[in-house]
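Below is one structure; the comments refer to it alone.
The values are calculated or read from the model by the stated rules, or taken from the named source; none is laboratory data. Everything numeric here is computed off the predicted structure, so don't read it as measured data. For neighbour counting, all protein chains shown are included, and Cβ atoms are generated from backbone atoms with ideal geometry for every residue, glycine included.
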């Protein structure tokens with residue numbers, strides 16, 4: 001092929017995490033519990049965070065939002081200003097709408113029937129159409145995130161208060177959504193009928209909890225996991241307890257994002273009845289069966305490759321060891337394009353213990369290769385450290401397609417698997433061999449049927465029809481065009497009249 005590796009000029013980006021949601025009902029320190037829940041879900045979004053709280057003594061919600069990490073946004077002083085027994089929280093990575101404070105969630109709306117707040121994990125594929133319709137009817141949006149569409153649909157005067165207004169709204173939206181909502185009397189959890197994104201139920205004492213992942217319950221003293229919210233289920237929590245509503249037709253084929261098991265979820269979480277670390281270990285075993293190799297050492301790329309490497313080692317009999325040391329105080333991306341900065345960015349995140357790899361044939365296990373530049377740098381560093389052979393093993397298939405349901409992958413033209421053949425990628429990485437897990441092995445590792453999952457980023461089989469032309473900044477562009485039209489309408493008559 002005649003492509004050049006233009007991606008060399010940019011350090012590899014991993015797929016960006018989506019968002020995390022958390023909710024509490026019936027706890028005297030709801031904001032503090034939500035803070036700890038969001039802290040445990042920080043891996044799902046690092047751009048912004050927010051908490052909205054309600055109590056029985058005040059009508060108006062109290063809230064605090066900020067840009068950055070949960071620990072940077074909230075402290076004891078801030079939490080003390082959020083008294084209440086009911087709360088919802090959100091950590092965000094932007095999949096629709098830019099990364100600004102106005103787009104930080106949860107979003108609050110004040111309508112004729114009271115205040116409503118929503119936190120959303122996922123992506124609505126028809127939000128642009130619904131928003132245009134709502135704006136034509138007079139709705140005024142204060143953010144550029146798709147989640148606000150849900151609030152406007154619920155607030156429409158034609159809808160009745162309670163469950164039905166939410167059901168009517170959800171019947172109009174399409175795509176991926178796990179939601180937590182806060183009204184003046186209740187907390188609600190919702191999962192779309194295909195179950196793209198996780199959402200689970202917990203308890204601490206008599207208080208109910210909702211969370212994107214079960215790991216958030218583990219850090220709250222006395223909290224326990226109860227069950228997952230089922231695809232298409234609405235759980236309503238109020239003073240009478242928790243009740244379940246299933247207003248939507250059950251789907252024979254579901255769409256849980258299999259990349260949650262591969263990369264996104266924390267290994268100590270349980271999703272859909274399976275511990276994430278166990279699934280990743282199984283993926284490593286499948287990878288060893290599919291792509292065996294003679295080697296002296298199996299090493300993971302921390303942290304996402306740890307359990308797959310363990311499984312590869314157990315299945316192959318090749319000893320497992322840690323040769324990469326991760327610096328946990330470095331951000332997830334390193335954007336400076338200079339050569340010195342690129343080399344620094346790779347080494348400062350993962351340094352090599354030379355004594356572990358010198359003179360050895362090593363198998364390096366990671367969860368994915370996106371652009372390939374970071375993987376190439378690791379191979380070169382291993383060779384410089386004295387590794388005799390370097391074999392790359394990846395615990396999922398090649399990424400070739402965008403996700404429209406809440407994961408921000410790089411543009412398909414930047415994905416290395418779209419640009420080059422398997423042999424060309426191996427040569428570019430300067431690896432002795434390269435092996436990806438296939439779809440069948442990935443599914444077997446979950447111990448669930450294939451029709452449980454969305455794997456569109458691997459096979460382009462989208463469970464819900466999407467418009468490939470839309471991206472996460474669609475609403476910003478609409479607003480920019482609207483500003484231009486206003487200017488044109490104001491300016492044109494003066495120009496046509498020959499006036500300055």
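Per-structure values
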| read-out | value |
| --- | --- |
| In the stretch 288-317, residue farthest from the chain's Cα centre (by Cα) [restricted to those that are modelled with pLDDT under 95 and farther than 20 Å from residue 387 by Cβ] | 303 |
| Candidates 230, 213, 184, filtered to the one that is touching a helix residue (DSSP H, G or I) at 6+ places or on another chain (Cβ under 8 Å) and in a loop (DSSP other than H, G, I, E, B) | 213 |
| Residue count for the stretch 273-299, restricted to those that are crowded, with 21+ Cβ neighbours inside 10 Å and within 16 Å of residue 228 (Cβ to Cβ) | 2 |
| Selection status of residue 225, surrounded by 20 or more Cβ atoms within 10 Å (Cβ to Cβ) and either touching a strand residue (DSSP E or B) at 6+ places or on another chain (Cβ under 7 Å) or in a helix (DSSP H, G or I) (or both) | no |
| Scope the stretch 66-90; condition within 19 Å of the chain's Cα centre (by Cα), over 10 Å from residue 31 (Cα atoms) and not in a helix (DSSP H, G or I); matching residues | 66, 67, 68, 69, 90 |
| Matching option when the condition is within 18 Å of residue 124 (Cβ to Cβ) and modelled with pLDDT under 95, among 181, 166, 194 | 166 |
| Those strands (runs of 3 or more DSSP E) lying entirely in the stretch 318-412 with at least 2 residues more than 23 Å from residue 44 (Cα to Cα), modelled with pLDDT of 95 or more and assigned by TED's automatic domain parsing to the domain that holds residue 436 | 361-366, 389-394 |
| All helices (runs of 4 or more DSSP H) inside the stretch 103-175 with 3 or more residues being closer than 15 Å to residue 188 by Cβ | 147-155, 163-172 |
| Filter result (free of Cβ contacts under 8 Å to residues at least 24 places away in the same chain and either within 23 Å of residue 408 (Cβ to Cβ) or touching a strand residue (DSSP E or B) at 6+ places or on another chain (Cβ under 9 Å) (or both)) within the stretch 58-97 | 58, 62, 64, 68, 72, 78, 81 |
| Given (1) crowded, with 21+ Cβ neighbours inside 10 Å; (2) at pLDDT below 95; (3) in a helix (DSSP H, G or I), index of the condition residue 8 fails | (1) |
| In the stretch 11-46, the residues that are modelled with pLDDT of 95 or more, part of a strand (DSSP E or B) and surrounded by fewer than 24 Cβ atoms within 10 Å (Cβ to Cβ) | 29 |
| Test: residue 381 is within 24 Å of residue 358 (Cα to Cα), touching a helix residue (DSSP H, G or I) at 6+ places or on another chain (Cβ under 9 Å), in contact (Cβ under 8 Å) with a residue 12 or more places away in the chain and surrounded by fewer than 21 Cβ atoms within 10 Å (Cβ to Cβ) | yes |
| Filtered residue count, the stretch 185-222, keeping only those that are surrounded by fewer than 21 Cβ atoms within 10 Å (Cβ to Cβ), in contact (Cβ under 8 Å) with a residue 24 or more places away in the chain and at positive phi | 1 |
